[in-house]
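The values are calculated or read from the model by the stated rules, or taken from the named source; none is laboratory data. Please read these numbers as outputs of a predicted model, since none were measured by experiment. When we count neighbours, we look across all protein chains shown, and the Cβ atoms used for this are built from the backbone with ideal geometry, even at glycine. Ligands, DNA and RNA are excluded from the accessible area calculation, which covers all protein heavy atoms including side chains. Shrake-Rupley method; radii C 1.70, N 1.55, O 1.52, S 1.80 Å.
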Amino acid sequence: MINGKKDIISMNDFTAEEILLILKKAEAIEKMSDEEKLSLMHGKIVATMFYEPSTRTKLSFESAAMRLGANILYFDTEHSSVKKGESFSDTIRMVESYSDIIVIRHPLDGAARLAASVSHKPVLNGGDGSNQHPSQTLLDLYTIMKEKGTLENLHIAFTGDLKYGRTVHSLVKALKHFHPIIYFVSPSMLSMPQYLLDDLDDAGVTYHIEENFTGCLDKLDVFYMTRIQRERFPDPEEYEKVKGVYIINRGNIEGKCKDDMIIMHPLPRVNEIDVDLDTTKYARYFEQARNGIPIRQAMMMLSLER
Ligand code: CP
């Protein structure tokens, strides 16, 4: 809570009970008829401010809001006065005066919290740099809950870019409340930041650090794959060393994991999940993205105290 309003900036700010409350709210909204939903945010204006590219987060927030009867105020950096040198804070002040809630994505860590400190309207973080992506985390948890019936005591592997991947950073902050057994699988140059491992140590979470997923594959309930985040590498040559380091396909998954293991990915993927897995019983990444609608609806409703 910043300036007396309900922002959603970091999973650090949530208790287990608050996380479960949002999942329950999403479930309740999902069960409503289309007509009932249309009245929930009637007359409200949602501003979407994306300083970085997005397909899922931007479009699903917009779709989620429209399905609740709200209108969208589209902010586009290319055609705004940011191009004339207007400051970030002044831009937020303007947008808050034209809207009821702001969804923001920004390449810099901490930008969403700064926006929330300036704005008197709730700010929802749609991803800030390598830091946090709470709406992704909540839809990830919603997907796991739907598929596994619980968030407790699950064996979960995070594979790929654990250094720059904000979806992983955000999700482990939430999972620490639910007694997971975590396997962090990455090349050493893309390992989890130490401050996040320290956080897990403080919470008493069991985790293993691996360079290959073959050793843990047969124990997993959830295989969470991530893209190597090319756009965050300061040196393109470093990216070339690790691109394509992990690729999963039918050949290295089928018959080697639990029957009910699910594969998740925040998307977009590049080549780390072969399309031959898309039609297997393990694939959940497209359902996961679809779960962004009820979760983002629940987030907006709670931020508007509705
Ligand atoms: N998962 C995710 O954040 O996707 P977009 O970058 O397309 O929003």
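When E86 is tested against (1) open to solvent by 40 Å² or more (accessible area, probe 1.4 Å); (2) in contact with a helix residue (DSSP H, G or I) (Cβ under 6 Å, 6 or more places away or on another chain); (3) away from the ligand (no atom under 16 Å from the Cβ), just one condition goes unmet, and that condition is (2). Only one of Y239, Y224 is open to solvent by less than 40 Å² (accessible area, probe 1.4 Å), part of a helix (DSSP H, G or I) and either touching a residue at least 60 places away in the same chain (Cβ under 8 Å) or more than 16 Å from the ligand (Cβ to nearest atom) (or both). Can you tell me which? Being open to solvent by less than 40 Å² (accessible area, probe 1.4 Å), part of a helix (DSSP H, G or I) and either touching a residue at least 60 places away in the same chain (Cβ under 8 Å) or more than 16 Å from the ligand (Cβ to nearest atom) (or both) holds for just one of Y239, Y224, which is Y239.
If you go through the stretch 132-139 one residue at a time, do you hit one that is within 16 Å of the ligand (Cβ to nearest atom), under 30 Å from F223 (Cα atoms) and surrounded by fewer than 24 Cβ atoms within 10 Å (Cβ to Cβ)? No, because not a single residue in the stretch 132-139 is within 16 Å of the ligand (Cβ to nearest atom), under 30 Å from F223 (Cα atoms) and surrounded by fewer than 24 Cβ atoms within 10 Å (Cβ to Cβ). Does the stretch 284-304 contain at least one residue that is over 16 Å from D140 (Cα atoms), open to solvent by 50 Å² or more (accessible area, probe 1.4 Å) and away from the ligand (no atom under 16 Å from the Cβ)? Looking for residues that are over 16 Å from D140 (Cα atoms), open to solvent by 50 Å² or more (accessible area, probe 1.4 Å) and away from the ligand (no atom under 16 Å from the Cβ), one finds none in the stretch 284-304, hence no. Just one of (1) out of contact with any strand residue (DSSP E or B) (no Cβ under 6 Å at 6 or more places or on another chain); (2) in contact (Cβ under 8 Å) with a residue 40 or more places away in the chain fails for G110. It is (2). When the stretch 227-236 is filtered for residues that are over 27 Å from L139 (Cα atoms) and assigned to a helix (DSSP H, G or I), only P236 remains.
All told, H42 falls short of being out of contact with any helix residue (DSSP H, G or I) (no Cβ under 9 Å at 6 or more places or on another chain), modelled with pLDDT under 95 and farther than 14 Å from P294 by Cα.
Okay, residues lined up against (1) among the hydroxyl-bearing types (S, T, Y); (2) open to solvent by 10 Å² or more (accessible area, probe 1.4 Å); (3) in contact (Cβ under 8 Å) with a residue 60 or more places away in the chain:
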residue: T143; (1), (2), (3): yes, no, yes
residue: K148; (1), (2), (3): no, yes, yes
residue: I156; (1), (2), (3): no, no, yes
residue: S170; (1), (2), (3): yes, no, yes
residue: D198; (1), (2), (3): no, yes, no
residue: L217; (1), (2), (3): no, no, yes
residue: L220; (1), (2), (3): no, no, yes
residue: Q229; (1), (2), (3): no, yes, yes
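Scanning the stretch 172-183 for residues that are in contact with a strand residue (DSSP E or B) (Cβ under 6 Å, 6 or more places away or on another chain) and buried (at least 21 other Cβ atoms within 10 Å of the Cβ) gives P180, I182, Y183. For D76, which of the numbered conditions (1) within 16 Å of the ligand (Cβ to nearest atom); (2) at pLDDT 95 or above; (3) open to solvent by 40 Å² or more (accessible area, probe 1.4 Å) fails to hold? Of (1) within 16 Å of the ligand (Cβ to nearest atom); (2) at pLDDT 95 or above; (3) open to solvent by 40 Å² or more (accessible area, probe 1.4 Å), only one is false for D76: (2). Among the conditions (1) part of a loop (DSSP other than H, G, I, E, B); (2) under 17 Å from the mean Cα position of the chain (by Cα), Q297 misses just one, which is (1). Hey, could you check the stretch 242-268 for residues that are assigned to a helix (DSSP H, G or I) and open to solvent by 50 Å² or more (accessible area, probe 1.4 Å) and say which is nearest to the ligand (Cβ to nearest atom)? The selected residue is R250. With respect to N271, determine if the residue is closer than 29 Å to L59 by Cβ, in contact with an Asp or Glu (Cβ under 6 Å, 6 or more places away or on another chain) and either more than 16 Å from the ligand (Cβ to nearest atom) or touching a residue at least 24 places away in the same chain (Cβ under 8 Å) (or both). For N271, the condition - closer than 29 Å to L59 by Cβ, in contact with an Asp or Glu (Cβ under 6 Å, 6 or more places away or on another chain) and either more than 16 Å from the ligand (Cβ to nearest atom) or touching a residue at least 24 places away in the same chain (Cβ under 8 Å) (or both) - is not met.
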